[in-house]
Every structure is written in structure tokens, then in C-alpha cells.
Amino acid sequence: MTKKIILLFFSVLLISTAGYAQKFAYVDTDYILNNIPEFNQAQDKLDAISKEWQKEIEGIYAEVDKMYRDYQSQEVLLTDEMKGKREDAIIEKEKSAKDLQKKRFGPNGDLYTKRQELIKTLQDKVYDAIQQLAANSKYAVIFDSSSDLIMLYANPNLDKSDKILENMGYIGKGK
């Protein structure tokens, strides 16, 4: 439904501006970001942090598993009160693992915050460079070919990704 609305919007935009001979271009923000060394370094740092946090959570789940196996092997020797305490301890440990997982990897978790801290600045620089290119070259619209927008055909001459990298001080690798 949203793709139809977007397509309708761009169709109306194209029809209404056809008489004005507007200039269009597109960029590939994924390509641009992947050609910025700071972005790759930030991505590597996020991957390392993510692996470290995942290892920490897996360690807690391993403790839960051990606690459960110990409980099963000793269950026949335990009183009802001791069984209840052990079960509560296992449940509490598992809950703490799930809470930590949510805190680290949830929608607004630590990983999201760290990603914003490391990558948002670079994304903003790319956006500013695109804005500057649009203003300087008088483009009416610049599309992002890496987004969900469906581009059935794109003339490679209209791809300004390398121009953005050049304007930002990075050398494009040719696309």
C-alpha cells in the first residue's frame, strides 16, 4: 500500500513538474557509507561490541542450563522447600538473562544507542553532502537507490554517489 502511495506521489510530482524540466539524480547511500573508512571502523567496533555482549548473555544462559541440570540430578534428594528455592533461582537467573538481552539488543537498547553514537554523525555528513550537491547543481529530486524505493531503470549517468564521496573528500571506487 505504501509503495503504491509513493509511486502515486512521484507520478503526480513528475507530471506536475514536466513542464519545468526539473533535474533528477540518484545516489546509493550504502555504497557511499561503505567507501568511508570511518564507517567501516565504526561498523567493526559495533560488531565487536555486539559479539562481546552476545558472549556475556550466552554465558548466563549456560549458567541457567547448568543450574537446571544440577537441579534435575538432585531433585529426588531435595525437600519441597529446597525444590521451590532452586526453581525460583533458575527462573530468576533466566529472567536476568532475558532482561540483559533486551537491554543490550532491544529496540532502544545499548546497541541501538551505540550505533547512533558511532554512525549517525557519518550519515548526517552524507545527508549534508547530498543536500549541498542538490543545491549547487539545482537538482529537484535526488533518490536513494539503496532504499525501498523501486527503481525499475536508472541511467548510470544520473548516479551521483561518487560525486558525493568526492565532495566529502573520499575517492570513489567507480561504480
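Of all lysines in the structure, the ones whose alpha carbon falls short of 24 Å from that of Lys66, not counting any fewer than 8 places away in one chain, are Lys51, Lys55, Lys83, Lys85, Lys93, Lys95, Lys98, Lys102, Lys103.
Please give the FRET efficiency for Ala134 paired with Thr113, using the beta carbon to beta carbon distance and R0 = 41 Å, rounded to the nearest 0.05. For Ala134 and Thr113, the calculated efficiency is 0.85. The magnitude of the dipole of segment 27-68, with charges of +1 and -1 set on the Cβ of Lys/Arg and Asp/Glu and taken from the Cα centre, is near 120 debye. The rule of thumb for compact globular proteins, 2.2 N^0.38 Å, goes into the C-alpha radius of gyration of segment 92-141 1.94 times. Here's the picture: a label point sits 7 Å out from the Cα of Glu52 along the beta-carbon direction, and within segment 98-131 the residues with their amide nitrogen under 13 Å of it are 111, 114. Close amide H pairs (under 5 Å, H built 1.01 Å from N) link Asp144 with Val27, residues at least 5 positions away or on another chain.
Size descriptors for segment 46-114: radius of gyration and Dmax over Cα atoms are 15.4, 48 Å. Stretching Tyr68 away from Lys120 to a fully extended chain increases their span by 14.5 nm, per 0.36 nm per residue minus the current alpha-carbon distance.
Each reported figure results from applying straightforward, stated rules to the coordinates on display, with no laboratory input. Just so it is clear, the structure is predicted and the values come from calculations on it, not from any experiment. Reconstructed Cβ throughout: ideal geometry from the backbone, glycine too, with neighbour counts over all protein chains shown.
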